[in-house]
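Asker: Have a look at this one.
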Amino acid sequence: MTKARWQRYVALGDSITEGFCDPIVGRGEPWLGWADRLAMILDGNARLSGSSIEFANLGVRGRRVADVVDDQVPMAIALEADLVSLMIGGNDLMLPKADPDALAAKLETGVAALRREGIDVLLANCFDPRISLFLKPLRGRAAVYNANVWTIARTYGTFTLDVWGIRELQARSMWADDRVHLTPAGHRLLAKRAAHALGIPYFELAAASVVEAEPVLPAPAMPTHRWFTQHVLPWIGRRMRRVTSGDGIDAKLPLPMGVETRY
């Protein structure tokens, strides 16, 4: 048993942190996600020592590094978080003129602000783009961004979630039909690795009522032509209109709530 170290965990990021493609079975909310699953793990561990965890999830689809640093980081500080997870950069890196060094410099200002407040940070690097034919050309800039993330982690003493290094994420069963978001299996794996990065044993005690069993075999892959029509073309259309999938959408859990109460 590990003594509870944190009382209020706030997750920052984009659609991956929001929990895209990890549905809550039988509930009104559309998504669960790795950060929510991590909150359950933290709360399960805390309850073993007689305490509990409050959790807020500020992740919103389409958000970029500047959105998180300028908007979500100040909110996490105002919410008096003592643990913040920070996973962001994928949407920026897909832009034609993305500068991974500049993005990392902006990210560093957010990490620095959190650490000045004494907040522990779980800093994640980005996925290896070789998992997707559509994203594979971005691998070089993603590697440069990740190298900067490791430097930031060492400089500010963060906990670090090495997403790039999770080889199990190369399996197709970890990825949804759109090929850029995780399946429930992927979210569960990411939460487990995040817990290990924090030094917390893998407990997901509160999750039993909201997580359905994984299928034994993954569903057949969506044909490429249908994937292009249903997912790539709408993404291109949004880029041309200079809008994002998250425009007008608020965080699903903007205020801290007891994990046991929510789930």
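Read-outs: derived from the displayed coordinates by stated rules, not from any lab. Keep in mind that this is a model prediction, so the values were computed, not measured. Glycine gets a Cβ as well: all are built from the backbone with ideal geometry, and neighbour counts include every protein chain shown.
Asker: Give a quick list of trypsin sites (Lys or Arg not before Pro) in segment 77-177 that DSSP marks as loop, anything other than H, G, I, E or B, with at most 11 other Cβ atoms within 10 Å.
Answerer: Here the trypsin sites (Lys or Arg not before Pro) that fit, given the DSSP loop and packing criteria, are K97.
Asker: Measuring from label point to label point, each 7 Å out along Cα→Cβ, what is the T155 to D99 span in nm?
Answerer: 1.6 nm
Asker: For a Förster distance of 35 Å, can you work out the FRET efficiency between the beta-carbons of R115 and V144, rounded to the nearest 0.05?
Answerer: Computed FRET efficiency for R115 and V144: 0.90.
Asker: Under a Cβ-only charge scheme (Lys and Arg +1, Asp and Glu -1), can you give me the dipole magnitude of segment 83-151 about the Cα centre, in debye to the nearest 20?
Answerer: That gives a dipole near 240 debye.
Asker: Among I77, T17, A98, whose Cα lies farthest out toward the positive end of the dipole of segment 8-215, if unit charges sit on the beta carbon of Lys, Arg (+1) and Asp, Glu (-1)?
Answerer: The residue sitting farthest along the positive end of the dipole is A98.
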